[in-house]
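Enquirer: This is the structure I have questions about; it appears just below.
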C-alpha cells in the first residue's frame, strides 16, 4: 500500500495556510535521517542516558536502565532461536516491563504484536493464531487465559511478568492487577505451562548471552497492531519502522508550539494512563516521549482514579493524552483538585469525540484546553489535530498533520467539494502497508489513487479544517433519511443532568430503522432528568425523524479498554434480544 520513500501526492492542501509559523509542511526528509525505529530509540538512549525515561510506582528508570535491560531481554529472545520477522505477542498493562520488552522485540528485528491483557481465551486465541506468534510475554495473571488456548496456537516460548519485577516492592496502585504475590522467579506450578519462565529469570539468562543487533530498514515490519474489531473480526494493521518514525515526528512537530515555553533544563513529563498496547498511547505516549527525551508516568489501572490522582500529585505534568471518558471521570472525582494542574501545556483528546461540556469544565479547572485530534490504527495512528496553542474547544478534528493528505470522497471515491459530507480518505507516510494476510480487505479499503478509506463521514471547510459527522456504518436510515448518531448525542450531552449517552439504530417495521437513545445520568445533579423532560427538550432541538423513538436509562454504557463507547455492543443487544 504505502512505499518508502512516500509517493508524492498532488492534491490541494488548503490547510497549509493555517499552519503556525515554523511548522513543516512535510516530514519525509526528517524521517529519512533515521534508518529504523531502533536507530531512533538508541539515539535517545545515548543522548538522554541519565534522564528518567519512566516513572512507575514511585521508582524511576533512566534511559540507560531501559537501554541495558532491553539489551538483556533482546539477547534472551535471540537465544531462543527466534528468526527476524517472527512475531512476539506482548500482553502487558502499563508496567515498566512493557517498554523494556517492546524495545527488545524491535531491537532483534522481531515483530511486536500488542495484546490486551484483559482478553478472553477466545479473543487471545484468534490474535495468536492470526499473527502466528512464536513467543508471548504476558502478565502473570494472564497465564490461566493463555493456558486455555495455548494448544491451538504456534506459541513455543512464554515469559510471565509480575508487577513487582525489577521493583522489589508492590504498591497500592498495582493492587487491582495483583491476584497473588510470588517470591520466586518461576510462575505458579498450578498453571500447566512448562515452557514458561519468569521475567527476571529471562533477564538473567539474557545478561549472560551476546546480543547481535541486526541491520534494520524503514520498510521492515515493526508492529502487527490489531483493530478493535468494530466492523467484524479483528484484523492487524501492518506498521513498519518507517510508518512509526513518520508518525512520531509528525506528532512531535505538531506539539512543539505548546512546549516552547519550557525551561531548557526542564524535562517534559507525559501521563500515560491510556494502555500502551493501544496504538494511541504507543506512538503519542511511548515513542514521542522517548524521541523528546521526556519522562513517561506509567499508570497501570486508570479505573482506580483515587490511586491515579495520588500518583499525579508527585509530578509536574506537561502533557496528558486521554479520551473523553477519562477526562470526565477525573473531573467528577473528589480528589481532582489535589493535583497541581498549572504546568499542563497540552491535553490531547482522541479515540472518541470529546463532549463540549467536558472540554469547558476541564479548561476552567486546569487552565489547559483539550486539543482534539483524529487518528486510526491504520495510520499509526495520528492523522489530524487542532492547533495545540488553542484556548477554545472547536468540536472539529482540526488540520491534517505535516505530510498527510486528506479529502472527503463520494461512493465512487471522487473528492467532494468543501462543505459537502463524504467519507474521509487519507494518504501519508504513517499509513500502514496493509492488513496482515488480508489482501482482499486491503484492496477494498483503498481508492484507485492510493487513498485509504477510513469509514468516517466528515466535512472539510474552505480552510481545510475537518469535522467528523459520524461513522459510515453507524449511520441510521430512517424512512430514507440519513441520521447521524453523533449529532443527536451532541444535543443530548448539552443537558446538565446527562453524564454520557449513545445512539444506535434498531429495526422498525414502519421506518426500516428507528433511533434509540441510551442515557447515563449524573448523580451530582439535584433534579434527576426524566423521560418526559428529555423528550420535550429533544422536540425543540431535533427535527421529527431524528428524535429517538426509544429512550432507555442505564447505570453505564459498554466501553472498550480506552473508554470508547461501543455502539456495536448496544446494537448486538437489540439483535440478540
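Enquirer: Can you name every one of the strands (runs of 3 or more DSSP E) wholly within the range 455-512 that holds 3 or more residues which are under 24 Å from the mean Cα position of the chain (by Cα)?
Expert: By residue number, 466-471, 498-508.
Enquirer: Tell me, yes or no, whether the range 351-364 has at least one residue that is surrounded by fewer than 20 Cβ atoms within 10 Å (Cβ to Cβ), in a loop (DSSP other than H, G, I, E, B) and in contact with a strand residue (DSSP E or B) (Cβ under 6 Å, 6 or more places away or on another chain).
Expert: No, there is no match, as no residue in the range 351-364 is surrounded by fewer than 20 Cβ atoms within 10 Å (Cβ to Cβ), in a loop (DSSP other than H, G, I, E, B) and in contact with a strand residue (DSSP E or B) (Cβ under 6 Å, 6 or more places away or on another chain).
Enquirer: Also, I was wondering about something else. Check whether at least one residue in the range 329-340 is closer than 23 Å to residue 279 by Cβ and part of a loop (DSSP other than H, G, I, E, B), and report yes or no.
Expert: No - not one qualifying residue is present in the range 329-340.
Enquirer: Among the residues of the range 386-401 satisfying the criterion of being buried (at least 24 other Cβ atoms within 10 Å of the Cβ) and in contact (Cβ under 8 Å) with a residue 60 or more places away in the chain, which is nearest to residue 425 (Cα to Cα)?
Expert: Looking at the filtered set, the residue picked out is 400.
Enquirer: Considering (1) touching a helix residue (DSSP H, G or I) at 6+ places or on another chain (Cβ under 9 Å); (2) part of a loop (DSSP other than H, G, I, E, B), say which one residue 372 fails and leave the rest.
Expert: Single failed check for residue 372: (2).
Enquirer: May I ask you to verify whether residue 23 is under 30 Å from residue 386 (Cα atoms) and over 22 Å from the mean Cα position of the chain (by Cα)?
Expert: Considered against the rule, which asks whether it is under 30 Å from residue 386 (Cα atoms) and over 22 Å from the mean Cα position of the chain (by Cα), residue 23 comes out as yes.
Enquirer: Quick test for you: out of 258, 253, 246, pick the one residue that is at pLDDT 95 or above, over 26 Å from residue 433 (Cα atoms), in the same structural domain as residue 375 (by TED's automatic domain parsing) and assigned to a helix (DSSP H, G or I).
Expert: Every option except 258 fails the conditions.
Enquirer: Also: For the range 529-544, enumerate the residues that are in a loop (DSSP other than H, G, I, E, B) and surrounded by 10 or more Cβ atoms within 10 Å (Cβ to Cβ).
Expert: Result: 529, 530, 541, 542.
Enquirer: A further question follows. Considering every residue within the range 180-190, establish whether at least one is in contact with a strand residue (DSSP E or B) (Cβ under 7 Å, 6 or more places away or on another chain), modelled with pLDDT of 80 or more and more than 30 Å from residue 309 (Cα to Cα).
Expert: No; the residues of the range 180-190 include none that is in contact with a strand residue (DSSP E or B) (Cβ under 7 Å, 6 or more places away or on another chain), modelled with pLDDT of 80 or more and more than 30 Å from residue 309 (Cα to Cα).
Enquirer: Tell me which of these residue 78 doesn't satisfy, since it passes every other one: (1) within 22 Å of residue 136 (Cβ to Cβ); (2) in a strand (DSSP E or B).
Expert: (2)
Enquirer: Also, I was wondering about something else. For the range 105-124, which positions are surrounded by 19 or more Cβ atoms within 10 Å (Cβ to Cβ), free of Cβ contacts under 8 Å to residues at least 40 places away in the same chain and farther than 17 Å from residue 227 by Cβ?
Expert: 105, 110
Enquirer: Another one. Among the residues of the range 566-576, is there at least one that is in a loop (DSSP other than H, G, I, E, B), in contact with a strand residue (DSSP E or B) (Cβ under 8 Å, 6 or more places away or on another chain), without any contact (Cβ under 8 Å) to a residue 40 or more places away in the chain and surrounded by 13 or more Cβ atoms within 10 Å (Cβ to Cβ)?
Expert: No, that holds for no residue.
Enquirer: Mind listing whichever residues of the range 46-70 are in contact with a helix residue (DSSP H, G or I) (Cβ under 7 Å, 6 or more places away or on another chain) and either over 30 Å from residue 307 (Cα atoms) or in a strand (DSSP E or B) (or both)?
Expert: 53, 54, listed by residue number.
Enquirer: Any residue in the range 427-454 that's touching a residue at least 60 places away in the same chain (Cβ under 8 Å): show its pairings with residues that are assigned to a helix (DSSP H, G or I) and surrounded by fewer than 17 Cβ atoms within 10 Å (Cβ to Cβ) at Cβ separation under 8 Å, as long as the two are six or more apart or on different chains.
Expert: 435/441
Enquirer: May I ask you to verify whether residue 450 is in a loop (DSSP other than H, G, I, E, B), at pLDDT below 95 and over 22 Å from the mean Cα position of the chain (by Cα)?
Expert: When the stated conditions are applied, residue 450 passes them.
Enquirer: Tally time: how many residues in the range 376-387 are farther than 20 Å from residue 461 by Cβ and not in a helix (DSSP H, G or I)?
Expert: Counting residues in the range 376-387 that are farther than 20 Å from residue 461 by Cβ and not in a helix (DSSP H, G or I) gives 4.
The values are calculated or read from the model by the stated rules, or taken from the named source; none is laboratory data. For clarity, every value in this text was computed on a predicted model and none was experimentally measured. Cβ: placed from backbone, ideal geometry, glycine included. Neighbour counts: every protein chain shown.
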